[in-house]
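Below is one structure, written out as structure tokens; comments come after it.
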Amino acid sequence: MAKVLVTGANGFIGSHLVRALLQRGHEVHCLVRPTSDLTSLRGLPVTLHLGDVREPETLAAPLRDVEYVYHLAARLMATSQQEFEANNAQGTINLLRCTEQAAAPRLKRFLYVSSQAAAGPGRNATPKDETAPLEPISWYGASKQRAEEAVRSYAGRLPFTIVRPPSVYGERERDISQTFPLVERGLQPVLGGPQTALNMVYVEDLVQGMIDAAESEETEGQTYFLVHPQLLHPRDVVQTVARALGKPRGVMFPVPLFALRLFAPVAELLAELTRERARITRDKVREMSQNYWVATPAKAKRDFGWEARADLERGMSKTIAFYQEQQRQLREMPLEDPPRLWLKYVAVASGLGALIEVISRLGRFYTFTPRWAVFGVIFGGFGLSLGSVAYLLRTQGDFQQFTAGTIGAGAAETLNDLGLLPGVSWEFAPGWPLGIRNGMLRSFLLGTAGGGFVLVVNAAMRALYERRLRFG
């Protein structure tokens, strides 16, 4: 049993690596930031150390007497070159210095997890190997290149190995999986042109390769691409996702690069405002604009016998099974007490209903008779009625939720139009909405808004439940 330190242990790849190391019987120590989401490490027999590779004074204690260092901590979706440099390049330099000071006598290997982005894209579909010059085209790739150079500068002082993963997929991944809800609804977005070619790797294969590389005597001072040799087009990826989701037939459409370039600054601004990770950045779009991200794993197979076992079909089936179970848990919310959960639904629906009525009042879209009837609509119509519909149908599909909400809201609008609601009514401004003056048509249109309201309530409740899972 070896004492091991993993930086970035709570991340997507790091959390899988921690589990693989534990399965091999190692004593695992994890460097995590004070603000880290530790959901992925919950319940694991590991030792947590609060620290940050940008703060050298926090690194000495976690590094003491370790035999292996797996350095994964990095920024993938930063919005500035300086942020990449501080985390990926300078952070690695800090960790190397501290490792030499605190762990050098016992250290068997410093394994640095770089990226295919450090090597840069190819000029054609011929796979790159480790002898190819480093030609990064993104800030992220350049920061990884500088980190690799820093690692190599410790040759003769620290035993090191560098690995370069390609696009990685698997359970708990956060980028490729953004397309899963769209594909689930019959939409199949394709990123990239007709010539685009890439390699991928399933996360469980990757972490086994990382451990094998670190523990092999043949790999010291070497660099390896850890990729599955299967040559893929983005169309193959989305079709495989669709089959795994049981939705093989869908509307496939290309996502033009100019749309991503337009959306990326908006996503960055939203990330700054919410302090959340950006869904996409201009830097990531630079990488996505390239056609050829292809490399060969031949050196890894030759030196330490590693080859990825799961092709895309097999790996994505496992990934989607995890995603579907995760979605089922989010819909059922098993940690919630049912009566309290229903009250939360009613409260959230009432809050959203109040917001709608405030906007309607400011816009003078309609007026209530008597005026106090607005409170009955907020708490009775939105809160109690549509909130209960959302609660009861939370485990059902979007279509069922939308249909039930549409029927409920449409029925209320129809009764109002016919004057059949006892003691209350609301009168619309002439031609509102969309110039519609026919009462039945307006009732149908506003009914569909009720269907959308039910979907929004459930989305809000799932977000709150996810927050509870993250922070307890």
Rounded tilt (10° steps) of 257-274 against the dominant C-alpha axis of the chain: 80 degrees
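Rounded if a/c is under 1.5, else prolate if a/b is larger than b/c, else oblate: which is the range 182-281, with a ≥ b ≥ c the root eigenvalues of its Cα gyration tensor? Provide the component values of the computation, followed by the final result.
Details: a/c = 2.19, a/b = 1.43, b/c = 1.53.
Judged from the Cα gyration tensor, the range 182-281 comes out oblate (a/c at least 1.5, b/c at or above a/b).
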Highest average packing first - 245-258, 61-74, Cβ atoms within 10 Å: 61-74, 245-258
Listed candidates [x] 1.24; [y] 1.00; [z] 1.06 - label of the one calculated as Rg/Rh (Cα atoms, Kirkwood Rh): [z]
Nearest-20 debye value, the range 333-466 charge dipole, Cβ charges on Lys, Arg, Asp, Glu: 220 debye
0 to 90° range, to nearest 10: angle between helix 234-244 axis and the chain longest Cα axis: 60 degrees
Inter-site label distance for L335 and Q400 at 7 Å from Cα along Cβ, in nm: 2.5 nm
Protection proxy ranking, peptides 340-350, 218-228, 126-136, average beta carbon neighbours within 10 Å, highest first: 218-228, 340-350, 126-136
Distance (nanometres) between label positions extended 7 Å along Cα→Cβ at Q81 and R157: 2.6 nm
Residues whose placed amide H lies under 5 Å from that of V190, excluding near-sequence neighbours: F253, V255
Within the chain, helix-based [θ] at 222 nm, where runs of 4 or more DSSP H residues each add -39,500 (n - 2.57), nearest 500: -14500 deg cm²/dmol
Beta bridge orientation in the chain: antiparallel %, DSSP, nearest 5: 10 percent
Alpha-carbon centroids, the range 167-230 and the range 98-145: separation in whole Å: 16 Å
Ordering of 270-276, 331-337 by packing [mean C-beta count within 10 Å, highest first]: 331-337, 270-276
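Does the range 333-466 classify as rounded, prolate or oblate by the C-alpha gyration tensor (a ≥ b ≥ c root eigenvalues; a/c under 1.5 gives rounded; else a/b over b/c gives prolate, otherwise oblate)?
prolate
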Radius of gyration, Dmax [the range 58-188; alpha carbons; angstrom]: 17.1, 57
Helix 139-152 axis, angle to the chain major axis (alpha carbon atoms, nearest 10°): 30 degrees
Point-to-point label distance, Q101-H233, nm (Cα→Cβ direction, 7 Å offset): 5.4 nm
Contour excess over end-to-end distance, with Cα ends at E307 and T448 and 0.36 nm allotted per residue: 45.6 nm
Pairwise centroid distance, computed over Cα atoms, of the range 250-318 with the range 1-38, Å: 24 Å
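Here, each number is a calculation from the coordinates, and none is a lab measurement. This one's a predicted model, so the numbers in the text were calculated from it and none came from an experiment. Cβ coordinates were reconstructed from backbone atoms using ideal geometry, including for glycine residues, and neighbour counts include every protein chain displayed.
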